[in-house]
Ligand SMILES: Nc1ncnc2c1ncn2[C@@H]1O[C@H](COP(=O)(O)OP(=O)(O)O)[C@@H](O)[C@H]1O
Ligand SMILES: [Mg+2]
């Protein structure tokens, strides 16, 4: 039995793979009728920060895992030492706390944006004066989908955050030409398998679209990105799926012949990730199946792509009362669309589902996926 903390779309999609593998999944969910609660029979309502709820969830389970990083360290420390926890608390820390992550990756010599720990507005002033304004300020803990990330042009603009809690994290604002995700899985006994590096497109801090493999990425840079991901997994002792979000920086070559590419690590997620939804149809083994295999320390599956290109487009909000009302339109617009709806009630901008299209032509796959999503949005 696999016990999972979280009741969103990620645990919901783990259930699909658990069904095929005959694995009993048990979930600790925010609401009974939420995305996971609807489909995981053995789900109970409770808080990820409630030690007794997490202990109850883990009872009798072979392993405890997560669909988000918001389980406090003291809750994890209170669990039985005999319980397998994948990823372990000591690794999960670096997905929970962006300051700890910056310190650790810095010590490993992994390329990151310039950053600083901020205890006072003066620290921010000094950092901005040094690296140039504007700068990015982040709350180290608890952020997601761009909540907890701010572009500031002066130290004053972050005053309210300093008043709330410190330390904060400052980063140079990277002039990236694209964002990438290196996705892999690692099992406790050490085996690591990577999917091709994907390109992710964020709008307003939220992932909107993913293309795999990342178009236009220099194969040597793709190899480096993959190696960075695998090195992080090994050094930090990550188990399960790891997504390493990266910035792609491109500069004209000194000799004027084309551009050089390099990557900087943005952040880590230790669970199936939005950048890997394309693997459900687009790879031999999906990230959800691979996560279950990895956390159970089973031999990992083949991450090879099934098609030259996969494009995943998120459904963010809808004009329809229920996006299933758009299914007919989606399928007539895009016969090859693979639709995933998460059973969530509609709210503006909310991640309600995603569509993947795989095929031999990137532009055609993108157009089909976008058309299907437009139909699900009621456009
Ligand atoms: N140092 C940075 N420079 C430029 N853009 C950034 C930087 N850090 C974050 N961003 C932008 O904000 C988005 C969200 O930041 P991230 O740290 O990944 O937060 P979250 O935990 O909300 O995903 C990134 O995907 C990127 O588009
Ligand atoms: Mg992010």
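The values are calculated or read from the model by the stated rules, or taken from the named source; none is laboratory data. Just so you know, these numbers come straight off a predicted model, no measurement behind them. In this analysis, Cβ positions are derived from the backbone assuming ideal geometry, glycine residues included, and neighbour counts consider all displayed protein chains.
Some observations on this one:
- Flag if residue 281 is touching a strand residue (DSSP E or B) at 6+ places or on another chain (Cβ under 8 Å) and either surrounded by 24 or more Cβ atoms within 10 Å (Cβ to Cβ) or under 21 Å from residue 185 (Cα atoms) (or both): yes
- Inter-residue pairs, beta-carbon under 8 Å, first on the phi > 0 side of the Ramachandran plot and in segment 194-209, second within 11 Å of ligand 1 (Cβ to nearest atom) and assigned to a strand (DSSP E or B), 6+ apart: 205/147; 205/149
- Screening residue 128 against (1) away from ligand 1 (no atom under 12 Å from the Cβ); (2) under 24 Å from residue 244 (Cβ atoms); (3) crowded, with 19+ Cβ neighbours inside 10 Å leaves a single unmet condition, (2).
- In segment 144-153, the residues that are within 9 Å of ligand 1 (Cβ to nearest atom) and either surrounded by fewer than 16 Cβ atoms within 10 Å (Cβ to Cβ) or at positive phi (or both): 144, 145, 146, 147, 148, 151
- Counted residues, segment 124-139 - those being in a helix (DSSP H, G or I), closer than 24 Å to residue 248 by Cβ and in contact with a helix residue (DSSP H, G or I) (Cβ under 6 Å, 6 or more places away or on another chain): 0
- Selection from segment 328-352 of residues that are closer than 21 Å to residue 282 by Cβ and assigned to a helix (DSSP H, G or I): 330, 331, 333
- Test set (1) modelled with pLDDT of 95 or more; (2) over 19 Å from residue 270 (Cα atoms) - residue 204 fails condition number: (1)
- Residue selected from segment 247-283 under the condition over 23 Å from residue 95 (Cβ atoms) and assigned to a helix (DSSP H, G or I), by the criterion farthest from ligand 2 (Cβ to nearest atom): 281
- Set side by side, the residues 166, 177, 139 differ, and just one is under 21 Å from the mean Cα position of the chain (by Cα), touching a residue at least 12 places away in the same chain (Cβ under 8 Å) and away from ligand 1 (no atom under 11 Å from the Cβ), which is 177.
- Selection within segment 85-123 - crowded, with 18+ Cβ neighbours inside 10 Å and assigned to a strand (DSSP E or B): 85, 97, 115, 116, 118
Conditions tested, residue by residue: (1) at pLDDT 95 or above; (2) closer than 22 Å to residue 279 by Cα; (3) part of a loop (DSSP other than H, G, I, E, B).
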position: 14; (1), (2), (3): yes, yes, no
position: 19; (1), (2), (3): yes, yes, no
position: 32; (1), (2), (3): yes, no, yes
position: 39; (1), (2), (3): yes, yes, yes
position: 44; (1), (2), (3): yes, no, no
position: 60; (1), (2), (3): yes, no, yes
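- Of all residues in segment 200-215, those being within 13 Å of ligand 1 (Cβ to nearest atom) and either in a loop (DSSP other than H, G, I, E, B) or surrounded by 21 or more Cβ atoms within 10 Å (Cβ to Cβ) (or both) number 5.
- Filter result for residue 93 (under 19 Å from the mean Cα position of the chain (by Cα) and closer than 22 Å to residue 295 by Cβ): yes
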